[in-house]
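Remarks on the structure that follows.
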Amino acid sequence: MLVPPPARLLALAAAFVAAVALSAGPGRAQDKKDDPKPAKDEPKKDDGKKDEAKKKDEAKKEAAKKVKSKLKITVPQDDAELSIKGSREEKTKPTGTGREFETPDIDPGKEYEYDFVVVWKPNNYTTMTRTKTVTFKAGDDVTVDLTKADPKVPDKAVVRWVPTPDDIVAKMVEMAKVTKDDVVYEPGPGDGKVLIAAAKAGAKKAVGIELDPAKVKEAQGKVKEAGLADKVTIIEGDALKDRDYSEASVVFLYMGNEFLALLQPILEKQLKPGTRIVSHRFVFGADWPPDETKTVTGQDGDEYKLHIWTVGKKGEKKAKTETKADDKKDDKPADKKDDKDK
Ligand SMILES: C[S@@+](CC[C@H](N)C(=O)[O-])C[C@H]1O[C@@H](n2cnc3c(N)ncnc32)[C@H](O)[C@@H]1O
């Protein structure tokens, strides 16, 4: 059964829908059939009252003609934040995976466009954002499934900063067998320690794409301090958006399974055969298992999983290995010790 929306939401949605209705282009809005006709006679003394009553009457008739649309939205998690975006953005209450709303009175026959934005945390280090734009006719019921990505609008993934310990960074660089001919890329380099280690190991070029401006500054400072500014570049931006990884011969990762799931098609398309990918803890989808997984004990006594892939020729089928992906609902960012850094 339809749940009546909270009064606040309804008021906000009313403002939103009114704005959407106003901005609807002429091609998308149905013509009004009963536009008021211009008065033929000269106004008489008591015409004012009559006009007012007539106007009220017409307004009533207009209101009676309006319709509502029922919106049924499914979100990925009970506590996901759902926003309905129009001329202004409004957040709704996290009330389970199935959410139902009703639009305020809207004009029958007109088309409306709503943006639905859902933000959720699959674990305590990843924030996912998914957007869907839906166009519907006033009065029609609308079903929006936000549990699946919209191929037209890629999901966004933001992973919080948790550093790889220095001795584990050294193991990653060793595992990738970095040489003077290598061009190293790292999505989310944080303070730049992996790129600096790779450059020290001889890489001719190292590039990091970091979302957090404060980390970009920190990493750039550390690169300068190390005297590696001619080799290591830190770019500010989203490593999943419009990136070209095609010159990489080595890619380092410590970014979470959800992020890797979004990065996988980009790397599969862009990386050349022979490129090595070394990931601290996290893996791609089951269709791209690592070639090798090593468990190493850090100086802190904790165990760390390091995975390596070597990109094959395009279309080359990989033999399935027994290596398993880490549990996607695992709430530990990397190890218990890292949590206290946050
Ligand atoms: C888990 S830390 C890893 C830091 C470093 N790679 C290391 O191993 O020490 C993840 C880093 O990625 C950055 N980050 C998160 N989401 C990102 C995105 N979509 N694009 C680029 N950087 C991102 C974070 O700001 C953070 O510095």
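The values are calculated or read from the model by the stated rules, or taken from the named source; none is laboratory data. Small disclaimer: the values here were computed from a predicted structure and weren't measured. All Cβ positions, even for glycine, are placed from backbone atoms using ideal geometry, and neighbour counts span all protein chains on display. We work out accessible area using only protein heavy atoms, side chains counted, and drop any ligands, DNA or RNA first. Shrake-Rupley method; radii C 1.70, N 1.55, O 1.52, S 1.80 Å.
Looking at region 196-229, which of the residues that are among the basic types (Lys, Arg) and under 18 Å from residue 170 (Cβ atoms) is least open to solvent (accessible area, probe 1.4 Å)?
Top of the filtered list is 222.
Exactly one of (1) aromatic (Phe, Trp, Tyr); (2) over 22 Å from residue 167 (Cα atoms); (3) touching an Asp or Glu at 6+ places or on another chain (Cβ under 6 Å) is unmet by residue 252. Its number?
For residue 252, the failing item is (2).
Return yes or no: is residue 186 modelled with pLDDT of 95 or more and near the ligand (Cβ under 9 Å from one of its atoms)?
When the stated conditions are applied, residue 186 passes them.
For the subset of region 192-203 comprising residues that are under 13 Å from residue 179 (Cβ atoms) and in contact with a Lys or Arg (Cβ under 6 Å, 6 or more places away or on another chain), which member is nearest to the ligand (Cβ to nearest atom)?
Result: 199.
Would you tally the residues in region 221-240 being free of Cβ contacts under 8 Å to residues at least 40 places away in the same chain, part of a loop (DSSP other than H, G, I, E, B) and within 12 Å of the ligand (Cβ to nearest atom)?
Count: 1.
In region 165-181, which residue that is touching a helix residue (DSSP H, G or I) at 6+ places or on another chain (Cβ under 9 Å) and open to solvent by less than 10 Å² (accessible area, probe 1.4 Å) is farthest from the ligand (Cβ to nearest atom)?
176
Can you work out which of the residues in region 242-275 that are touching a residue at least 60 places away in the same chain (Cβ under 8 Å) and near the ligand (Cβ under 10 Å from one of its atoms) is most open to solvent (accessible area, probe 1.4 Å)?
Among those residues, the one meeting the criterion is 262.
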